[in-house]
Amino acid sequence: MKRADQHRRQLMKGILGAVAIQGIPDLAFAWAGARVRLEWQQFKQTSQYQSFLNAISAMRRNTNPADPGSLHYWVNVHQTYCPHDVPYFISWHRGYLYCFEQQLRLSSGDPTLDLPYWDYYSYPTLPAEFTDPAPSNPLYVQRAGVNVYNALTLWPFGPEVFNFQRGTTDAFEVRMENAPHNPVHNLIGGVMATMQSPFDPIFYLHHANIDRLTHAWALPDGKGIPPTAWPYSSTNSSPYWAGTNVYASGLSVERWKTYHPGWLGYDYADNTLPTALPPRPGAAQTAQAMKLAAPQVPSNQRPPSKRFTPAPPRQISTSRRSLGGAAQVSFDEQSYTASLSFNQKDAAEIAAIIASRRMGHEGAGGGRVGSVKFVVDSARMSDPGRLGGYYYALYLNMPDVVDSKTAYNKSFLGTLGAFQIAAVSHHGPGRLEFDLVGLLLQQEIKDFSTLSISWIRVDGDNPPAGQTINVAEARVDLAYEIEPVQLPLLQGMTSGYK
(Lines give C-alpha, C1' and ligand atoms only; values in the text may rest on other atoms or scores of the structure.)
Protein backbone atom coordinates (compact mmCIF):
# COMPACT_ATOMS: atom_id res chain seq x y z
CA MET A 1 0.00 0.00 0.00
CA LYS A 2 1.33 3.46 -0.89
CA ARG A 3 2.34 5.71 1.98
CA ALA A 4 -0.22 8.36 0.99
CA ASP A 5 -2.99 5.76 1.06
CA GLN A 6 -1.87 4.55 4.48
CA HIS A 7 -1.92 8.12 5.78
CA ARG A 8 -5.36 8.73 4.32
CA ARG A 9 -6.71 5.53 5.85
CA GLN A 10 -5.31 6.51 9.26
CA LEU A 11 -6.70 10.00 8.93
CA MET A 12 -10.17 8.77 7.96
CA LYS A 13 -10.09 6.20 10.76
CA GLY A 14 -9.43 8.99 13.25
CA ILE A 15 -12.18 11.17 11.80
CA LEU A 16 -14.74 8.39 11.62
CA GLY A 17 -13.86 7.21 15.11
CA ALA A 18 -14.42 10.67 16.58
CA VAL A 19 -17.71 11.06 14.78
CA ALA A 20 -18.87 7.60 15.82
CA ILE A 21 -18.39 8.51 19.48
CA GLN A 22 -20.84 11.35 18.97
CA GLY A 23 -23.44 9.29 17.12
CA ILE A 24 -25.91 9.53 20.00
CA PRO A 25 -29.23 11.36 20.25
CA ASP A 26 -28.49 13.48 23.36
CA LEU A 27 -27.13 16.76 21.98
CA ALA A 28 -26.00 18.07 25.36
CA PHE A 29 -23.96 14.93 26.04
CA ALA A 30 -22.36 15.19 22.60
CA TRP A 31 -19.99 17.91 23.77
CA ALA A 32 -19.96 17.25 27.51
CA GLY A 33 -16.58 15.49 27.20
CA ALA A 34 -15.19 17.59 24.35
CA ARG A 35 -11.46 18.12 23.97
CA VAL A 36 -10.36 21.68 24.68
CA ARG A 37 -8.27 23.84 22.37
CA LEU A 38 -6.03 26.23 24.30
CA GLU A 39 -4.83 29.75 23.53
CA TRP A 40 -1.17 29.76 22.45
CA GLN A 41 0.18 31.45 25.59
CA GLN A 42 -1.29 28.66 27.70
CA PHE A 43 -0.70 25.93 25.13
CA LYS A 44 3.07 26.49 24.98
CA GLN A 45 3.32 25.73 28.69
CA THR A 46 1.97 22.20 28.16
CA SER A 47 3.59 18.99 26.96
CA GLN A 48 1.57 19.34 23.74
CA TYR A 49 3.82 22.23 22.66
CA GLN A 50 6.73 19.95 21.75
CA SER A 51 4.33 17.58 20.02
CA PHE A 52 3.05 20.49 17.92
CA LEU A 53 6.62 21.46 16.98
CA ASN A 54 7.40 17.86 16.07
CA ALA A 55 4.27 17.60 13.89
CA ILE A 56 4.87 20.84 12.00
CA SER A 57 8.54 20.00 11.54
CA ALA A 58 7.69 16.57 10.12
CA MET A 59 5.01 17.98 7.85
CA ARG A 60 7.36 20.65 6.51
CA ARG A 61 10.08 18.10 5.74
CA ASN A 62 7.60 15.94 3.85
CA THR A 63 7.30 17.49 0.38
CA ASN A 64 4.99 14.88 -1.16
CA PRO A 65 1.80 16.77 -2.08
CA ALA A 66 -0.17 13.50 -2.26
CA ASP A 67 0.65 12.63 1.36
CA PRO A 68 -1.62 14.04 4.12
CA GLY A 69 1.50 14.01 6.30
CA SER A 70 2.84 16.92 4.24
CA LEU A 71 1.91 20.59 4.56
CA HIS A 72 1.86 20.60 0.76
CA TYR A 73 -1.18 18.32 0.89
CA TRP A 74 -3.14 20.76 3.08
CA VAL A 75 -2.06 23.71 0.95
CA ASN A 76 -3.44 21.91 -2.11
CA VAL A 77 -6.70 21.22 -0.24
CA HIS A 78 -7.00 24.93 0.53
CA GLN A 79 -6.19 26.02 -3.01
CA THR A 80 -8.52 23.52 -4.65
CA TYR A 81 -11.60 23.50 -2.43
CA CYS A 82 -11.56 26.46 -0.07
CA PRO A 83 -14.62 28.76 -0.42
CA HIS A 84 -13.83 32.46 -0.10
CA ASP A 85 -16.34 35.24 -0.73
CA VAL A 86 -18.97 32.54 -1.23
CA PRO A 87 -21.20 30.54 1.17
CA TYR A 88 -19.81 28.04 3.69
CA PHE A 89 -16.59 29.92 4.42
CA ILE A 90 -16.99 29.23 8.16
CA SER A 91 -18.40 25.71 7.88
CA TRP A 92 -15.72 24.55 5.43
CA HIS A 93 -12.85 25.86 7.54
CA ARG A 94 -14.26 24.29 10.70
CA GLY A 95 -14.12 20.88 9.03
CA TYR A 96 -10.71 21.64 7.50
CA LEU A 97 -9.20 22.38 10.92
CA TYR A 98 -10.82 19.26 12.32
CA CYS A 99 -9.26 17.05 9.64
CA PHE A 100 -5.88 18.78 9.96
CA GLU A 101 -5.98 18.28 13.73
CA GLN A 102 -6.27 14.52 13.20
CA GLN A 103 -3.16 14.66 11.01
CA LEU A 104 -1.25 16.63 13.65
CA ARG A 105 -1.80 13.74 16.05
CA LEU A 106 -0.59 11.22 13.48
CA SER A 107 2.47 13.25 12.51
CA SER A 108 3.45 13.93 16.12
CA GLY A 109 2.65 10.49 17.46
CA ASP A 110 0.77 12.23 20.26
CA PRO A 111 -2.94 11.29 20.38
CA THR A 112 -3.53 13.96 23.05
CA LEU A 113 -2.45 16.84 20.79
CA ASP A 114 -5.08 19.51 20.17
CA LEU A 115 -4.79 22.45 17.79
CA PRO A 116 -4.09 25.74 19.64
CA TYR A 117 -5.52 29.14 18.72
CA TRP A 118 -4.04 32.64 18.67
CA ASP A 119 -6.26 35.20 20.42
CA TYR A 120 -5.05 38.38 18.74
CA TYR A 121 -7.79 40.35 20.49
CA SER A 122 -5.66 39.78 23.62
CA TYR A 123 -2.22 39.42 22.01
CA PRO A 124 -2.18 41.41 18.73
CA THR A 125 1.51 40.72 18.06
CA LEU A 126 2.53 37.40 16.51
CA PRO A 127 3.79 35.03 19.24
CA ALA A 128 7.56 35.17 19.58
CA GLU A 129 7.88 31.45 18.85
CA PHE A 130 6.76 32.16 15.27
CA THR A 131 9.27 34.98 14.66
CA ASP A 132 12.56 33.26 15.58
CA PRO A 133 14.44 32.75 12.27
CA ALA A 134 16.62 29.94 13.62
CA PRO A 135 16.90 27.14 11.01
CA SER A 136 15.66 24.66 13.60
CA ASN A 137 12.40 26.58 14.20
CA PRO A 138 9.58 24.94 12.18
CA LEU A 139 7.17 27.81 13.01
CA TYR A 140 9.16 30.50 11.19
CA VAL A 141 8.49 31.74 7.67
CA GLN A 142 9.32 35.14 6.21
CA ARG A 143 6.44 37.57 6.69
CA ALA A 144 5.68 41.22 5.95
CA GLY A 145 4.62 41.98 9.53
CA VAL A 146 3.96 40.63 12.99
CA ASN A 147 1.55 43.24 14.40
CA VAL A 148 -2.11 42.72 13.44
CA TYR A 149 -3.62 45.39 15.69
CA ASN A 150 -4.87 47.34 12.66
CA ALA A 151 -6.84 44.26 11.56
CA LEU A 152 -8.98 44.23 14.68
CA THR A 153 -12.57 45.42 14.83
CA LEU A 154 -15.69 44.70 16.87
CA TRP A 155 -17.82 45.12 13.75
CA PRO A 156 -18.89 41.44 13.44
CA PHE A 157 -20.08 41.36 17.04
CA GLY A 158 -22.47 44.30 17.03
CA PRO A 159 -25.91 43.83 18.58
CA GLU A 160 -27.53 44.35 15.17
CA VAL A 161 -25.81 41.22 13.77
CA PHE A 162 -28.25 38.30 13.97
CA ASN A 163 -28.29 36.66 10.54
CA PHE A 164 -25.53 34.19 9.81
CA GLN A 165 -25.19 32.96 6.25
CA ARG A 166 -23.96 34.88 3.23
CA GLY A 167 -26.81 36.33 1.21
CA THR A 168 -28.79 37.63 4.18
CA THR A 169 -28.58 41.21 5.40
CA ASP A 170 -25.74 42.03 7.81
CA ALA A 171 -24.64 38.40 7.82
CA PHE A 172 -22.08 37.36 10.44
CA GLU A 173 -20.29 35.03 8.01
CA VAL A 174 -19.67 37.93 5.62
CA ARG A 175 -18.54 40.31 8.35
CA MET A 176 -16.19 37.82 9.98
CA GLU A 177 -14.54 37.00 6.66
CA ASN A 178 -14.17 40.67 5.78
CA ALA A 179 -12.75 41.70 9.13
CA PRO A 180 -10.84 40.49 11.04
CA HIS A 181 -10.15 37.37 8.94
CA ASN A 182 -8.93 38.97 5.71
CA PRO A 183 -6.94 41.84 7.30
CA VAL A 184 -5.00 39.42 9.52
CA HIS A 185 -3.95 37.53 6.38
CA ASN A 186 -3.05 40.80 4.66
CA LEU A 187 -1.04 42.43 7.46
CA ILE A 188 1.02 39.31 8.17
CA GLY A 189 1.63 39.07 4.44
CA GLY A 190 4.15 36.85 2.73
CA VAL A 191 2.61 33.46 2.00
CA MET A 192 -0.32 34.39 4.29
CA ALA A 193 -1.42 36.87 1.62
CA THR A 194 -1.85 34.04 -0.88
CA MET A 195 -3.93 30.91 -1.31
CA GLN A 196 -0.85 28.96 -0.21
CA SER A 197 -1.28 30.45 3.27
CA PRO A 198 -1.45 27.02 5.01
CA PHE A 199 2.33 26.82 4.44
CA ASP A 200 2.57 29.34 7.30
CA PRO A 201 1.88 27.55 10.61
CA ILE A 202 0.19 30.67 12.01
CA PHE A 203 -2.59 30.06 9.46
CA TYR A 204 -4.01 27.23 11.58
CA LEU A 205 -3.95 29.26 14.80
CA HIS A 206 -5.57 32.21 13.01
CA HIS A 207 -8.40 30.08 11.67
CA ALA A 208 -8.86 28.35 15.02
CA ASN A 209 -9.43 31.80 16.49
CA ILE A 210 -11.95 32.65 13.75
CA ASP A 211 -13.71 29.39 14.57
CA ARG A 212 -13.64 30.21 18.30
CA LEU A 213 -15.02 33.71 17.76
CA THR A 214 -17.81 32.29 15.60
CA HIS A 215 -18.77 29.88 18.37
CA ALA A 216 -18.61 32.67 20.97
CA TRP A 217 -20.87 34.86 18.82
CA ALA A 218 -23.39 32.04 18.37
CA LEU A 219 -23.71 31.31 22.09
CA PRO A 220 -26.02 30.78 23.84
CA ASP A 221 -28.81 30.04 21.35
CA GLY A 222 -27.28 30.04 17.86
CA LYS A 223 -28.76 33.44 16.90
CA GLY A 224 -29.67 33.30 13.21
CA ILE A 225 -27.67 30.21 12.28
CA PRO A 226 -30.00 27.97 10.25
CA PRO A 227 -31.08 25.15 12.57
CA THR A 228 -30.39 21.48 12.06
CA ALA A 229 -31.28 18.28 13.83
CA TRP A 230 -28.78 15.61 14.83
CA PRO A 231 -28.38 14.00 12.38
CA TYR A 232 -29.50 16.21 9.50
CA SER A 233 -32.92 15.41 8.09
CA SER A 234 -34.75 17.22 5.32
CA THR A 235 -37.93 17.07 7.42
CA ASN A 236 -36.64 18.92 10.48
CA SER A 237 -33.46 20.73 9.40
CA SER A 238 -32.63 23.74 7.27
CA PRO A 239 -31.48 22.82 3.75
CA TYR A 240 -28.44 25.02 4.44
CA TRP A 241 -26.84 22.01 6.16
CA ALA A 242 -27.47 19.49 3.39
CA GLY A 243 -24.49 18.06 1.55
CA THR A 244 -20.83 17.78 2.44
CA ASN A 245 -17.72 19.92 2.67
CA VAL A 246 -15.11 18.37 0.39
CA TYR A 247 -11.39 18.51 1.21
CA ALA A 248 -9.85 15.88 -1.05
CA SER A 249 -10.76 12.74 -2.91
CA GLY A 250 -12.15 10.46 -0.23
CA LEU A 251 -11.99 13.14 2.48
CA SER A 252 -15.13 15.10 3.33
CA VAL A 253 -17.24 16.10 6.33
CA GLU A 254 -21.02 16.29 6.31
CA ARG A 255 -21.96 19.95 6.68
CA TRP A 256 -24.39 19.47 9.54
CA LYS A 257 -21.56 18.17 11.72
CA THR A 258 -19.88 21.58 11.49
CA TYR A 259 -22.91 23.30 13.03
CA HIS A 260 -21.37 23.24 16.52
CA PRO A 261 -17.74 22.55 17.60
CA GLY A 262 -19.01 19.99 20.09
CA TRP A 263 -20.48 17.93 17.28
CA LEU A 264 -16.88 17.39 16.13
CA GLY A 265 -15.73 16.66 19.67
CA TYR A 266 -13.94 19.84 20.70
CA ASP A 267 -14.43 23.13 22.52
CA TYR A 268 -12.33 26.20 23.33
CA ALA A 269 -10.77 27.27 26.61
CA ASP A 270 -12.37 30.72 26.30
CA ASN A 271 -15.72 31.27 24.59
CA THR A 272 -16.18 34.95 25.38
CA LEU A 273 -16.47 37.66 22.74
CA PRO A 274 -14.12 40.64 22.83
CA THR A 275 -15.88 43.81 24.02
CA ALA A 276 -12.94 46.18 23.59
CA LEU A 277 -9.70 46.32 21.65
CA PRO A 278 -6.39 45.60 23.36
CA PRO A 279 -3.79 48.36 23.82
CA ARG A 280 -1.93 49.16 20.63
CA PRO A 281 1.47 47.42 20.79
CA GLY A 282 4.23 49.86 21.59
CA ALA A 283 1.95 52.89 21.88
CA ALA A 284 -1.01 54.22 23.77
CA GLN A 285 -4.38 53.49 22.17
CA THR A 286 -5.80 56.63 20.57
CA ALA A 287 -9.03 58.10 21.87
CA GLN A 288 -10.54 57.79 18.39
CA ALA A 289 -9.74 54.07 18.14
CA MET A 290 -11.16 53.47 21.59
CA LYS A 291 -14.33 55.34 20.70
CA LEU A 292 -14.86 53.54 17.41
CA ALA A 293 -13.48 50.16 18.47
CA ALA A 294 -12.08 50.13 14.95
CA PRO A 295 -8.44 51.03 14.34
CA GLN A 296 -9.00 50.79 10.58
CA VAL A 297 -9.89 54.48 10.79
CA PRO A 298 -6.46 56.08 11.23
CA SER A 299 -8.20 59.38 10.67
CA ASN A 300 -11.80 60.26 11.33
CA GLN A 301 -11.83 62.45 8.23
CA ARG A 302 -13.41 61.36 4.98
CA PRO A 303 -10.69 61.03 2.28
CA PRO A 304 -10.63 63.64 -0.51
CA SER A 305 -12.65 63.08 -3.65
CA LYS A 306 -10.96 62.00 -6.86
CA ARG A 307 -12.37 61.86 -10.39
CA PHE A 308 -12.09 58.61 -12.33
CA THR A 309 -12.85 57.62 -15.90
CA PRO A 310 -16.55 56.66 -15.99
CA ALA A 311 -17.52 53.04 -16.64
CA PRO A 312 -20.75 52.88 -18.65
CA PRO A 313 -23.91 51.05 -17.49
CA ARG A 314 -24.76 47.80 -19.25
CA GLN A 315 -26.78 44.59 -19.00
CA ILE A 316 -24.55 41.84 -17.59
CA SER A 317 -27.04 38.95 -17.53
CA THR A 318 -30.78 38.36 -17.44
CA SER A 319 -30.73 38.90 -13.67
CA ARG A 320 -27.99 41.50 -13.27
CA ARG A 321 -27.45 45.01 -14.57
CA SER A 322 -24.56 47.39 -14.03
CA LEU A 323 -25.49 50.98 -13.21
CA GLY A 324 -21.99 52.11 -14.06
CA GLY A 325 -19.02 53.20 -12.01
CA ALA A 326 -15.33 54.04 -12.37
CA ALA A 327 -12.84 52.46 -14.76
CA GLN A 328 -9.15 51.75 -14.17
CA VAL A 329 -9.02 52.52 -10.47
CA SER A 330 -5.49 52.38 -9.09
CA PHE A 331 -4.76 51.83 -5.39
CA ASP A 332 -1.54 53.00 -3.72
CA GLU A 333 -0.60 54.69 -0.42
CA GLN A 334 -3.29 57.32 -0.84
CA SER A 335 -6.86 57.27 0.44
CA TYR A 336 -9.68 58.61 -1.77
CA THR A 337 -13.42 58.94 -2.24
CA ALA A 338 -15.15 58.15 -5.55
CA SER A 339 -18.66 59.44 -6.25
CA LEU A 340 -20.86 57.26 -8.46
CA SER A 341 -23.87 58.95 -10.07
CA PHE A 342 -26.99 57.29 -11.50
CA ASN A 343 -29.90 58.45 -13.62
CA GLN A 344 -33.37 59.00 -12.20
CA LYS A 345 -34.72 55.63 -13.33
CA ASP A 346 -31.83 53.66 -11.80
CA ALA A 347 -32.01 55.65 -8.57
CA ALA A 348 -35.71 54.82 -8.33
CA GLU A 349 -34.98 51.12 -8.81
CA ILE A 350 -32.44 51.20 -5.98
CA ALA A 351 -35.05 52.92 -3.82
CA ALA A 352 -37.62 50.22 -4.65
CA ILE A 353 -35.20 47.44 -3.69
CA ILE A 354 -34.39 49.09 -0.37
CA ALA A 355 -38.07 49.72 0.36
CA SER A 356 -38.86 46.06 -0.33
CA ARG A 357 -36.09 44.91 2.01
CA ARG A 358 -37.26 47.32 4.69
CA MET A 359 -40.67 45.64 4.57
CA GLY A 360 -39.00 42.31 5.25
CA HIS A 361 -39.18 40.81 1.77
CA GLU A 362 -35.90 38.93 2.04
CA GLY A 363 -35.92 35.44 0.63
CA ALA A 364 -39.63 35.02 1.31
CA GLY A 365 -40.72 31.87 -0.49
CA GLY A 366 -37.28 31.47 -2.06
CA GLY A 367 -38.14 33.96 -4.79
CA ARG A 368 -35.83 36.41 -6.53
CA VAL A 369 -34.94 39.38 -4.39
CA GLY A 370 -33.21 42.54 -5.53
CA SER A 371 -29.77 43.41 -4.19
CA VAL A 372 -27.49 46.39 -4.64
CA LYS A 373 -23.85 45.35 -5.01
CA PHE A 374 -20.57 47.21 -5.10
CA VAL A 375 -18.38 45.21 -7.48
CA VAL A 376 -14.60 45.31 -7.75
CA ASP A 377 -14.01 43.68 -11.13
CA SER A 378 -10.84 42.28 -12.72
CA ALA A 379 -8.50 43.25 -9.89
CA ARG A 380 -4.79 42.75 -10.47
CA MET A 381 -1.90 43.20 -8.06
CA SER A 382 1.56 44.63 -8.63
CA ASP A 383 4.54 42.56 -7.54
CA PRO A 384 4.99 44.58 -4.33
CA GLY A 385 1.23 44.45 -3.74
CA ARG A 386 1.22 40.63 -3.76
CA LEU A 387 3.40 40.53 -0.63
CA GLY A 388 0.73 42.09 1.59
CA GLY A 389 1.53 44.22 4.59
CA TYR A 390 -1.46 46.52 3.91
CA TYR A 391 -5.13 46.59 3.01
CA TYR A 392 -7.87 49.12 2.25
CA ALA A 393 -10.87 49.72 4.49
CA LEU A 394 -13.95 50.52 2.37
CA TYR A 395 -16.82 52.82 3.32
CA LEU A 396 -20.19 53.60 1.78
CA ASN A 397 -21.31 57.23 1.98
CA MET A 398 -18.73 57.97 4.64
CA PRO A 399 -19.62 61.16 6.55
CA ASP A 400 -17.18 64.09 6.59
CA VAL A 401 -16.23 63.16 10.14
CA VAL A 402 -16.65 59.71 11.68
CA ASP A 403 -17.19 60.75 15.28
CA SER A 404 -18.90 57.75 16.83
CA LYS A 405 -19.09 53.98 16.71
CA THR A 406 -22.59 54.34 15.25
CA ALA A 407 -21.28 56.44 12.38
CA TYR A 408 -18.57 53.87 11.72
CA ASN A 409 -21.01 50.96 11.71
CA LYS A 410 -23.32 52.82 9.33
CA SER A 411 -20.61 53.34 6.73
CA PHE A 412 -17.99 50.57 7.05
CA LEU A 413 -18.41 48.24 4.08
CA GLY A 414 -15.52 45.79 4.26
CA THR A 415 -11.91 45.38 3.23
CA LEU A 416 -9.85 44.93 0.09
CA GLY A 417 -6.35 43.47 0.02
CA ALA A 418 -3.92 41.02 -1.50
CA PHE A 419 -5.44 37.94 0.13
CA GLN A 420 -8.99 38.57 -1.11
CA ILE A 421 -7.76 39.15 -4.64
CA ALA A 422 -5.57 36.05 -4.57
CA ALA A 423 -8.55 34.01 -3.32
CA VAL A 424 -11.06 35.12 -5.95
CA SER A 425 -8.47 35.11 -8.77
CA HIS A 426 -7.52 31.52 -8.04
CA HIS A 427 -10.92 30.19 -9.10
CA GLY A 428 -11.75 32.71 -11.82
CA PRO A 429 -11.72 36.43 -12.60
CA GLY A 430 -10.56 38.68 -9.77
CA ARG A 431 -14.02 39.94 -8.86
CA LEU A 432 -15.23 40.84 -5.39
CA GLU A 433 -18.75 41.86 -4.38
CA PHE A 434 -19.99 43.82 -1.38
CA ASP A 435 -23.71 43.92 -0.59
CA LEU A 436 -24.83 47.51 0.04
CA VAL A 437 -28.37 46.73 1.22
CA GLY A 438 -27.63 46.50 4.94
CA LEU A 439 -25.85 49.86 5.06
CA LEU A 440 -28.42 51.58 2.85
CA LEU A 441 -31.15 50.39 5.19
CA GLN A 442 -29.29 51.84 8.17
CA GLN A 443 -28.48 55.11 6.44
CA GLU A 444 -32.13 55.78 5.58
CA ILE A 445 -31.24 57.57 2.35
CA LYS A 446 -33.96 59.35 0.39
CA ASP A 447 -31.99 60.22 -2.75
CA PHE A 448 -30.10 57.37 -4.45
CA SER A 449 -28.85 59.37 -7.43
CA THR A 450 -25.32 59.40 -5.98
CA LEU A 451 -23.45 56.92 -3.81
CA SER A 452 -19.87 57.36 -2.67
CA ILE A 453 -17.21 54.77 -1.96
CA SER A 454 -14.24 55.76 0.19
CA TRP A 455 -11.13 53.73 0.83
CA ILE A 456 -8.58 54.27 3.55
CA ARG A 457 -5.16 52.67 3.25
CA VAL A 458 -4.30 50.70 6.40
CA ASP A 459 -0.67 49.68 6.86
CA GLY A 460 1.08 46.96 8.80
CA ASP A 461 4.71 46.83 9.88
CA ASN A 462 6.27 46.85 6.43
CA PRO A 463 3.84 48.18 3.80
CA PRO A 464 4.79 48.41 0.12
CA ALA A 465 5.25 51.71 -1.70
CA GLY A 466 3.60 52.68 -4.97
CA GLN A 467 0.76 50.98 -6.77
CA THR A 468 -0.53 47.81 -5.16
CA ILE A 469 -3.82 47.02 -6.91
CA ASN A 470 -5.36 48.01 -10.22
CA VAL A 471 -9.08 47.44 -10.80
CA ALA A 472 -10.49 47.43 -14.32
CA GLU A 473 -13.90 48.53 -13.04
CA ALA A 474 -15.43 49.50 -9.72
CA ARG A 475 -19.18 49.70 -10.19
CA VAL A 476 -22.65 49.29 -8.71
CA ASP A 477 -24.83 46.39 -9.89
CA LEU A 478 -28.48 45.58 -9.38
CA ALA A 479 -28.86 41.82 -9.02
CA TYR A 480 -32.05 39.77 -8.79
CA GLU A 481 -31.06 36.47 -7.26
CA ILE A 482 -32.58 33.66 -5.23
CA GLU A 483 -31.71 34.68 -1.71
CA PRO A 484 -31.25 32.17 1.11
CA VAL A 485 -34.32 31.85 3.26
CA GLN A 486 -33.82 32.72 6.92
CA LEU A 487 -36.22 30.12 8.31
CA PRO A 488 -37.97 30.60 11.63
CA LEU A 489 -37.82 27.76 14.12
CA LEU A 490 -40.55 25.34 13.11
CA GLN A 491 -42.20 22.58 15.09
CA GLY A 492 -39.69 19.78 15.55
CA MET A 493 -36.81 22.08 14.56
CA THR A 494 -34.54 23.44 17.30
CA SER A 495 -31.32 25.35 17.14
CA GLY A 496 -29.50 22.70 19.18
CA TYR A 497 -27.07 25.39 20.32
CA LYS A 498 -26.02 25.48 23.97
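The values are calculated or read from the model by the stated rules, or taken from the named source; none is laboratory data. On a predicted model such as this, the values are computed, not experimentally measured, just so you know. Quick reminder, even Gly has a Cβ in these numbers, built from the backbone with ideal geometry, and neighbours come from all protein chains shown. Ligands, DNA and RNA are stripped out before the accessible areas are found, and what is left, the full protein with its side chains, is counted by its heavy atoms. Shrake-Rupley method; radii C 1.70, N 1.55, O 1.52, S 1.80 Å.
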> Convex hull over the Cα atoms of the chain, averaged projected area in nm²?
Replying inline: 23.1 nm²
>> Between GLN45 and ALA216, what's the calculated FRET efficiency when r is the beta-carbon distance and R0 is 25 Å? Round to 0.05.
In response: 0.65
> Using a 1.4 Å probe on the protein chains only, how many percent of the accessible area of the chain belongs to carbon and sulfur?
Replying inline: 54 percent
> Per residue of the chain, what 222 nm ellipticity follows from adding -39500 (n - 2.57) for every DSSP H run with n ≥ 4, rounded to the nearest 500?
Replying inline: -8500 deg cm²/dmol
>> Quick check: pseudo-label points 7 Å beyond the Cα along Cα→Cβ at ILE482 and SER378, how many nm apart are they?
In response: 3.1 nm
>> Between ASP403 and ARG358, what's the calculated FRET efficiency when r is the beta-carbon distance and R0 is 22 Å? Round to 0.05.
In response: 0.25
> In the chain, with Lys and Arg counted as +1 and Asp and Glu as -1 at Cβ, which of these residues, ALA474, SER305, ILE188, has the Cα nearest the positive end of the dipole, that is, farthest along it?
Replying inline: ALA474
> Considering the Cα trace of region 312-421, what is its radius of gyration and what is Dmax, both in angstroms?
Replying inline: 16.8, 48
> Cβ under 14 Å from ASP459's Cβ, ASP459 left aside: what net charge do those residues give with Lys, Arg +1 and Asp, Glu -1?
Replying inline: -1
> So, by mean Cβ neighbours within 10 angstrom, what's the order for 205-215, 242-252 with the highest one leading?
Replying inline: 205-215, 242-252
> In Å², what does the accessible area per residue of the chain work out to with a 1.4 Å probe?
Replying inline: 39 Å²
> Full extension from VAL246 to THR309: what is 0.36 nm times the residue separation minus their Cα-Cα distance, to one decimal in nm?
Replying inline: 18.4 nm
> For the chain, what relative contact order do you get, as a whole percent, if you take Cα pairs closer than 8 Å and at least 6 residues apart?
Replying inline: 20 percent
> Per residue, what volume in Å³ does the Cα convex hull of region 119-158 take up?
Replying inline: 78 Å³
> Going through region 330-410, which GluC sites (Glu not before Pro) have at most 14 other Cβ atoms within 10 Å and a DSSP loop state?
Replying inline: GLU333
> Quick one: if you stick a label point 7 Å off each Cα along the C-beta vector at ASN343 and GLN443, how many nm between them?
Replying inline: 2.2 nm
>> At a 10 angstrom cut-off on C-beta neighbours, averaged per residue, how do the peptides 375-387, 391-403 rank from highest to lowest?
In response: 391-403, 375-387
>> Taking 35 Å as R0, compute the FRET efficiency from the Cβ-Cβ separation of PHE162 and HIS426 and round it to 0.05.
In response: 0.65
> Normalised by the residues of region 227-282, what does the relative contact order come to in percent, with Cα pairs under 8 Å and at least six apart?
Replying inline: 21 percent
>> Are there any GluC sites (Glu not before Pro) in region 94-197 that are in a DSSP loop and have at most 10 other Cβ atoms within 10 Å? List them by number.
In response: GLU160
> How would you rank 409-417, 455-463, 33-41, highest first, on the average number of other Cβ atoms within 10 Å across their residues?
Replying inline: 409-417, 455-463, 33-41
> Over region 57-142, what relative contact order in percent results from Cα pairs under 8 Å that are six or more residues apart?
Replying inline: 18 percent
> Quick one: if you stick a label point 7 Å off each Cα along the C-beta vector at SER234 and GLU129, how many nm between them?
Replying inline: 4.7 nm
